[in-house]
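Notes to accompany the following structure.
Laboratory data are not the source of any read-out in this text; all were calculated from the coordinates shown. This one's a predicted model, so the numbers in the text were calculated from it and none came from an experiment. No Cβ is skipped: glycine too gets one built from the backbone with ideal geometry, and neighbour counts run over all protein chains shown.
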Amino acid sequence: MGPRPAAVHWRAVTKDDRSVIADWLVLFSALVLLLSLFLTWSSLSPAYVALADRLRTLQTIPRDPTAWQVYSVADILLALLAAVLLGVALKASKRARICTLVATVLALAFVIHAEGSPPTSGAPTDFRPGVGGPSYVAPSPSPGGGETAAIIALLAAIGGITLSLTTE
């Protein structure tokens, strides 16, 4: 019989450890949420873009718009939420964290809806090209990476705020 291996001692995660993890998670989510607003939030179908290029109907509409180009109010609210998340990560009362948690859940619902039915940013839905072309091509927008990044950020924020509420 050889020597007995030393006993493994597991240390429980302390309240301070949870607090630090929660703050870093919320800080990370705030930065990713802000970054997501600069990523593509909606893309038009290639067939639509090709036809629109031939007809020169999309000259003023961005092909891969960011949240800043697609939304007029939601982008500002998401940016404000990112700023609030930064504040929550630095220092916030329990009441402020609960209010931020509610706002984050609402923002998550909006972004999930936006991913499921991305906007077309004002793209026309009816073409009337001349002979030999289709009379209608739908924009068929698809979500971009911005929605996905925002969803990840908001889920991380929800997790971080929830974890922070367990430290009190």
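For residue 40, the amide hydrogen comes within under 5 Å of the amide hydrogens of 145, 146, counting only partners 5 or more places away or on other chains and with H modelled in the peptide plane.
Amide H to amide H distances under 5 Å link residue 167 with no residue, where only residues 5 or more positions off or on other chains count and H is placed in the peptide plane. The label-point distance for residue 96 and residue 162, in a model that sets each label 7 Å from Cα toward Cβ, rounds to 2.3 nm. If R0 is 25 Å, what FRET efficiency do you get for residue 64 and residue 103 from their C-beta distance, rounded to 0.05? Result of the calculation: an efficiency of 0.35. Rounded to the nearest whole Hz, the Karplus-based 3J(HN,Hα) values (6.51 cos²θ - 1.76 cosθ + 1.60, θ = phi - 60°) of region 111-116 follow the sequence 5, 5, 4, 5, 6, x, with x at glycine and proline. Computed from backbone phi with θ = phi - 60° and the Karplus coefficients 6.51, -1.76 and 1.60, the 3J(HN,Hα) list for region 96-105 is 5, 5, 5, 4, 5, 4, 4, 4, 5, 5 Hz; x is used for glycine and proline.
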